[in-house]
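Inspection log for the structure reproduced underneath, given as structure tokens.
Derivation of every value follows stated rules applied to the coordinates shown; laboratory data play no part. Everything numeric here is computed off the predicted structure, so don't read it as measured data. Here the Cβ is made from the backbone with ideal geometry for all residues, glycine too, and neighbour counts use every protein chain on show.
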Amino acid sequence: MGHYDGVAAARSSEGDGPARRAGRAVGRALHLPITGTARGIRKVTHAHGAGESGLGKLIELHAVNGAGDVMITVALASTVFFSVPTEAARGRVALYLAITMAPFILLAPVIGPLLDRLPHGRRAAMAGAMLARALLAIMMSGAVATGDLELYPAALGVLVSSKAYGVVRSAVVPRLLPPKFALVKANSRVTLAGLLATGVAAPIGVALQQIGPQWPLYGACALFVLGTYWAFTMPPKVDSAKGETPVRMIAHGEKKPTLRTVGPSVLHGLQANAAHRALSGFLIFFLAFLLREHPLSGQSAAVSLGMVGVAAGVGNALGTAIGAWLKARAPEAIIVTMLSLVLAAAVAAAVFFGTGMVAVLGATAGLSQALSKLSLDAVIQRDVPEQVRTSTFARSETLLQMAWVVGGAIGIVLPLNGVVGMSVAAGIVAAGAVTSGRGLLGPARHRGATPKARV
């Protein structure tokens, strides 16, 4: 009897073997697309020494940040902009833009100096910015359907947290450079990762919006919780302050390092980039209302906005890729060239206002802004000593974000006339070219004959 039981057990084991193997094969087949995609992404983000230095983890963290922010943007856009008449939407967006000034007012005098005084808490600061947005997304989910006023304080908190993360991230990048890795290339990778993640997350957010207005916020919450964990996995050198010296925002006649002592190319490059950011804010808000009331020929308002948005996104991604390929050659000349290019596009859009020129201006503005910012990063890397470089990044990013808000405010108050709007856009860029062009071309022309500007 025992013999037969043993034989039966053996046969049963033999019969179960193929079934188990088949189950494992099916499991691997279902698991492979996810694991294969993850390995592919990790291979790209960790290439050329980025994995060993920790830059790869920052690239992935920034991708999560961009995806979470766009989820919240999708949720707010449906409430603040699309769900109400144009005049009411202008009032809501004006209120929304007005409260966005608060993050920058807070960032300049508070968060920047706090970063200088607490350099050992950068990982915790990034994690805190992620966790705060996760909690605020849940709080906003109850008010997003109605657009009640309590939505705005929560949106303010999201903006403060997002900009705080951006300032800390700018200060962290120089700490994670792989050997022989240019700062412009590192920023190109980080920026491009955020753009790609935004492009992937935006349609997912729109799909979640169809389920319910709160669902994009649930998605954002999940992403920011992941980002909170990821921030703490950054290498310990992120919190290192060895060799750093704080830099003040503006000063006259001081002996301590300030933004006025880091060389003329940095200051003029910052002025040029402020013009690009102001143009970006202006175009976003002005075209949002203009195309809502006067869509591009033959298209609905949503399709018109989508076309311009896609054109700007493609231009931004292309500019980021070109910036990495150029390897920071003649950054001052690149900034001046981009100013000239976008000025020509704005003038052409004002003279020949129409579907094609609006899309061309959007793409040109995206490309020019990306290349100019990467070139400014290269100038900072070249002319600013390491002792004050991270603090310079933090302060410059705050000023650029403030320029974006000012441009957006101009876009809201203008009448909805395409020719007038494009003329104002050209004026914004022209002002940047006048204030910075000569100062940038001078150092570029004499770069080989004079020593580098140093603090």
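Here are a few things to note about the model shown:
- The simple Förster model, with R0 at 25 Å and r as the Cβ-Cβ distance, assigns residue 413 and residue 351 a FRET efficiency of 0.60.
- A straight chain from residue 325 to residue 303 at 0.36 nm per residue would run longer than the Cα-Cα distance by 4.6 nm.
- Length gained when the stretch residue 344-residue 124 is fully extended (0.36 nm per residue, less Cα-Cα span): 74.8 nm
- In range of the label at residue 294: residues from region 350-373 whose backbone nitrogen is under 13 Å from the point 7 Å along Cα→Cβ: 350-355, 358
- 3J(HN,Hα) along region 351-365: 7, 10, 4, x, 4, x, 5, 5, 5, 5, 5, x, 5, 5, 5 Hz, from the Karplus curve 6.51 cos²θ - 1.76 cosθ + 1.60 with θ = phi - 60°, whole Hz, x for Gly and Pro.
- The HN-Hα couplings worked out from phi for region 280-285 by the Karplus form 6.51 cos²θ - 1.76 cosθ + 1.60 (θ = phi - 60°) are 4, x, 4, 5, 4, 7 Hz, whole numbers, x standing for Gly and Pro.
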